[in-house]
Amino acid sequence: MNMTPEEQFDYLTDGADAVLPEGELLERLRLGRPLRAKLGVDPTAPDVTLGWAVVFDRLRRFQECGHTAVLIVGDFTAQVGDPSGKNETRRRLAAEEVGGYVSGVLDTIGELLRPDNLEVRHNSEWLGEMDMHDVLELTSQFTISRIMDREDFSNRWEAHEPISMIEFLYPLLQGMDSVAVEADIELGGSDQLFNNLVGRDLQERMGQRGQMVMTVPLLVGTDGVKKMSQSLGNYISVKDAPEEMFGKTMSIPDALMSQWYQLAAYRSAEEVAGIEEGLADGTLHPGNAKRKLASSVVARYWGAEAAANAEAHFDRLFKEHDAPDDVPVFKLPDDTDIWLPSLLNEAGLVSSNSEGRRMVAQGAVKVNGDKVAGETLPRNDLGGAIVQVGKRRFVRFVD
C-alpha cells in the first residue's frame, strides 16, 4: 500500500483510543524506516473472538503500510495470567493447557494477518530462561508505588482484595517482551495502556529507544455490559458458523450498534456517524440497522454469499416463528448433560422446575425451531441455540 507518512498516520490511528507519546508516530513514519509493531497475546482460551480481532486488524494495517508485525505468543505469560481489568486473582494455567490453546488459535490468527512481513515469537524463549538473579534485577527497575498507579490494582487494594506478588510481576514480564524484540510500537486494547507504558519505561532503562503505544477500544460483548470475553460467554468467535454469527449479532442490544459498526464491521467514523444520525431521527429502523450490521460482520469472515444465506436462515428460523430480533442471552452451566426444566427456570423462561417439565411434556419447548422430546439434552446441542417456550419466550444459550 503506497501511502505518504501522513496518509499512513491517518490510516493507522483511525478510531484508536490513545497514541503515545503524542506526535512521535508521525515523526517516525516520516523517517521512512519500517517499524516493528508488536502485539502480545496470551492464549488462555480456545477461540479468537470478534473483540480480539479488533487489535489484529490494527496490526494488519501496519503490515499493509510496509511495517513488520511482531506477534508475541505469550506461552509463558499466559501461565501467570494478565490481571488487567480484573477484580480478583486469575487462575494460573498449566503449561500443557496453554500449549493446547496456542495450537488452537495460531492458525486462526494467521488468517487475520498477512503472512509476508510477520514475525511470530514465543515469550518462553526469553522469559523461560530467566534465573532468580534475572528476576530480582527486573523487579529492581520498578517500585511498588509505580505498579500501584494501575487502577485495577489500586481499586483492589482499597477494597482489601488480595493481590498476589506474581500479578505485580506481570507488567514487567510483558515489558521484557518489548525489550527482547526491540519493539518500536506496541498495540493493545485500552485495558493494556499501563502494561504497554511499562514496556516503554523498561526499554529506556535498558538502553533502547522507548516504544510508542497505541490502544484501541474494547468491544462490548453480546450481553451489552462487559467487554467480550470467552470466560463470560458473551462472545462471538471468528470461526462461528455464518448462521450462528448472524444470529448472535442480532441478539446484541440496540445501544451497542454504533460501537459494533466501528469495531466489528470496521466501518469508518463517517459511516458510523451517518448510522447514528439515521437511528436518532427515525429514518433508519433499528432492526434494519442491526441486520446490515450482522450481514457486514458475517461477510467479513465468510463472504457476501454466506452473509445472505445466514440472513435467510435467520428469517426462516425466527421470523416464521414470530421470534424477536433482540433475543436475551444466558450462559450455560458446565455440565455435560443439561436437565432442561431447571435451565429454563434459571433463564427465566418458566417460573419453576415443575412448569419447565410441564412445558417440555406439552411440546411447548423448541430448540432452534425443533420441539424437544426429552427433559435432558447434551450441552453441545444447546451452545449457541435459541430456545423457545410457548409463543413469546425466547433465550439464546451460550457457552
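Working from label points 7 Å from Cα in the Cα-to-Cβ sense, the N368 to R114 distance is 3.8 nm. Based on protein heavy atoms only, the chain ends up with 46 Å² per residue of surface accessible to a 1.4 Å probe. If R0 is 35 Å, the Cβ-Cβ spacing of E270 and E204 corresponds to a FRET efficiency of close to 0.35. Of the accessible area of the chain, computed with a 1.4 Å probe over protein heavy atoms only, carbon and sulfur atoms account for 49 percent. The value of relative contact order for the chain, using C-alpha pairs under 8 Å at least six residues apart, is 14 percent. Under 5 Å between amide hydrogens, built in the peptide plane, is the criterion, and for V398 it picks out F330, K331, L332, G384 among residues at least 5 positions away or on other chains. When the pairs K226/K248; K292/K331; K248/K290; K226/K366 are compared against a 18 Å limit on Cα-Cα distance, K292/K331; K226/K366 fall above it.
Phi-derived couplings, Karplus 6.51 cos²θ - 1.76 cosθ + 1.60 at θ = phi - 60°, listed residue by residue for the stretch 134-144: 5, 5, 5, 5, 5, 5, 6, 7, 9, 9, 4 Hz, with x used for Gly and Pro. Compute the Cα gyration tensor for the stretch 160-235, then decide on rounded, prolate or oblate, letting a ≥ b ≥ c be the square roots of its eigenvalues: rounded whenever a/c is under 1.5, prolate when a/b is larger than b/c in the other cases, and oblate in all that remain. Here the stretch 160-235 falls in the oblate category.
Here R379 and L26 are evaluated by their C-beta separation; at R0 = 51 Å the FRET efficiency comes out at 0.50. Derived value for the chain: Kirkwood hydrodynamic radius 23.1 Å. Basis is the mean of 1/r over every pair of different alpha-carbon atoms. Stretching A361 away from Q141 to a fully extended chain increases their span by 72.6 nm, per 0.36 nm per residue minus the current alpha-carbon distance.
Shape class of the stretch 133-204 from the alpha-carbon gyration tensor: oblate, with a/c at 1.5 or above and b/c at least as large as a/b. Here the chain is treated with +1 on each Lys and Arg Cβ and -1 on each Asp and Glu Cβ, and its dipole about the Cα centre works out to around 920 debye.
Here the Karplus curve 6.51 cos²θ - 1.76 cosθ + 1.60, taken at θ = phi - 60°, turns the phi angles of the stretch 233-244 into couplings of x, 9, 10, 10, 7, 5, 9, 4, 4, x, 5, 5 Hz, with x standing for Gly and Pro. To the nearest 10, the accessible area of I163 is 40 Å² with a 1.4 Å probe. Calculate for the chain the 222 nm mean residue ellipticity that helices alone would give, adding -39,500 (n - 2.57) per DSSP H run of length 4 or more and normalising by residue count, nearest 500 deg cm²/dmol. Rounded to the nearest 500, the figure is -13500 deg cm²/dmol.
The phi torsions of the stretch 194-205, fed into the Karplus equation with coefficients 6.51, -1.76 and 1.60 and a -60° offset, translate into couplings of 4, 4, 5, 5, 4, x, 4, 4, 5, 4, 5, 5 Hz, rounded to whole numbers, with Gly and Pro shown as x.
The values are calculated or read from the model by the stated rules, or taken from the named source; none is laboratory data. Owing to the predicted nature of the structure, the values given are computational and were not obtained by experimental measurement. With ideal geometry, Cβ positions are generated from the backbone for all residues, glycine too; neighbour counts draw on all protein chains shown. All accessible areas refer to the heavy atoms of the entire protein, side chains included, with ligands and DNA or RNA removed. Shrake-Rupley method; radii C 1.70, N 1.55, O 1.52, S 1.80 Å.
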